[in-house]
Amino acid sequence: MKSKILNVSLNRKVENLSYPIIIGDNILNRSGEILKEFIYKKNVIVIYDSFFSVKTSPNNEFEEFVQSMNKLTTTLNFIDIPGGDQTKNINQLNEIIEKVLTYGIDRQNVIIAFGGGVVGDIAGFVASILLRGINYIQVPTTLLSQVDSSVGGKTGINSKIGKNLIGSFHQPQAVLADINILKTLPNREFRAGFAEVVKYGLIKDLEFFNWLNQEYDSIFIYDKIKLQKMITKSCEIKAKIIKNDEKEGGKRALLNLGHTFAHAIESFGNFDGRIIHGEAVSIGICLAFKLSNKLCFCSKDDTKKVINLFQKSKLPTSLHDIKKLSISTSGMIQKFKLDKKNRQNELTFILNKRIGESFIKHNVSANVLTQFLNEEI
Ligand code: GLY
């Protein structure tokens, strides 16, 4: 299968920036060659998910990646971290930074994030603050990170107060996504990643949403042609949205569809694995559609279609599906107030007019939300 190469181009005031996303099958064993212009004769530090640790992993993708990189880099050092959301904290950040510094880095060094969204977010953040910023490359190994978190330069960690509240925008030099590695992914994680894929259809592309519904069976038996198309399309939609809004002053916020609810739900879960990000996004998107319907922006029919696709994907779709988290209306509203999209204490949500058309709704009243959530909990 031929790799697809997609460019993320960012229109900046001073100097535009562009970087490639390479989406291929079984390409990790050629990653050194593919990434040569960024890593040749450089000191490279790989921050990777300990899932791929040679001692524990039954898969050899990571080993192949390492061998391939070894041929072209000057030195290759490694730091492994656990992949769950609990890793995205300030203590872990500090530990990684200390380890990287003991390798004696300079600004020519490159960090590679090899893992899912958590690894990519924290490794990217490390790269953004070390020596005031060094280069990094994303090698996303989960569906969620291949279609979303590895692209667009959002990096960061969670605070005790809320999700992703500490971070920076720092674009990678390249993103290398190998479809073959998705076979290492637990089914639950694949389904969770699918929620972020569906999001792109809902925000901007009815045809893509319909295609996902139609090709659902092939996607879930890992048909690689379909997977490549699905990942490429998702990245294309994301790249288009962030092109003129790198730092989320406006339209980039659309990519947050369902996330105001999702981040609040995840905080209730304490990031302990009872609910994972994509599952929270699935519920969050269903709630965003229900709220859009309640406020007469979107039809019941579209709302049902969305919920059906998530249900078919065995994803949770309502707060009743996660009773174990003891979610309260007042607690949710408190957490909404921390959302980065809010303006001057007014709550902001991404809502939908229909499937394929999201919009930013400022000033959503806390009373309306209270009533809405009381009906949902
Ligand atoms: N994951 C949403 C964004 O990158 O803006």
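A straight Cα-to-Cα reach below 28 Å connects K71 with the lysines K2, K4, K36, K41, K42, K55, K99, K183, residues fewer than 8 places away in its own chain not being considered. Counted residue by residue at 0.36 nm each, then reduced by the alpha carbon distance between them, the extension gain from K243 to I221 reaches 4.6 nm. Using a ≥ b ≥ c from the Cα gyration tensor of region 264-331 (square roots of the eigenvalues), is it rounded, prolate or oblate, where a/c under 1.5 gives rounded and otherwise the larger of a/b and b/c decides, a/b for prolate? In terms of gyration-tensor shape, oblate. Short to long, the 5 Å bins of the Cα pair-distance histogram for region 108-166 hold 4, 22, 29, 23, 15, 6, 1, 0 percent of all pairs. Rounded to the nearest 10 degrees, the angle from helix 259-268 to the longest Cα principal axis of the chain is 80 degrees. Which FRET efficiency value, to the nearest 0.05, do you get for D25 and T75 by plugging their Cβ-Cβ distance into 1/(1 + (r/R0)^6) with R0 = 25 Å? Efficiency, rounded to the nearest 0.05: 0.25.
Under the combined filter of DSSP loop state and at most 10 neighbouring Cβ atoms within 10 Å, region 109-162 retains these trypsin sites (Lys or Arg not before Pro): K160.
For the chain, the longest principal axis of the C-alpha atoms and the axis of helix 61-70 are separated by about 40°. Using a/c under 1.5 as the rounded threshold, could you call region 223-289 rounded, prolate or oblate? The axes a ≥ b ≥ c are square roots of the C-alpha gyration tensor eigenvalues, and prolate needs a/b larger than b/c, oblate otherwise. Verdict is oblate for region 223-289.
Taking only the C-alpha atoms of region 1-140, the Rg (one decimal) and the largest Cα-Cα distance, Dmax (whole number), read 15.0, 47 Å. From the Kirkwood radius over Cα pairs of the chain, Stokes-Einstein at 25 °C and 0.890 mPa s returns a whole-number translational diffusion coefficient of 117 µm²/s. Note on the chain: antiparallel DSSP beta bridges, both residues inside, total approximately 45 percent of the bridges counted. Annotation for region 272-377: GluC sites (Glu not before Pro) lying in DSSP loop with at most 13 further Cβ atoms inside 10 Å of their Cβ do not exist. For helix 187-204, what angle does its Cα long axis make with the longest principal axis of the chain, in degrees from 0 to 90 and rounded to 10? Taking Cα atoms only, the helix is inclined about 70 degrees. Put the Cα centre of region 48-120 next to the Cα centre of region 288-332 and the gap is 37 Å.
Rule-based calculations on the coordinates, nothing more; no lab input. Because the structure is predicted, anything quoted here is derived from the model rather than measured. FYI the Cβ positions are ideal-geometry reconstructions off the backbone, even for glycines, and counts take in every protein chain you see.
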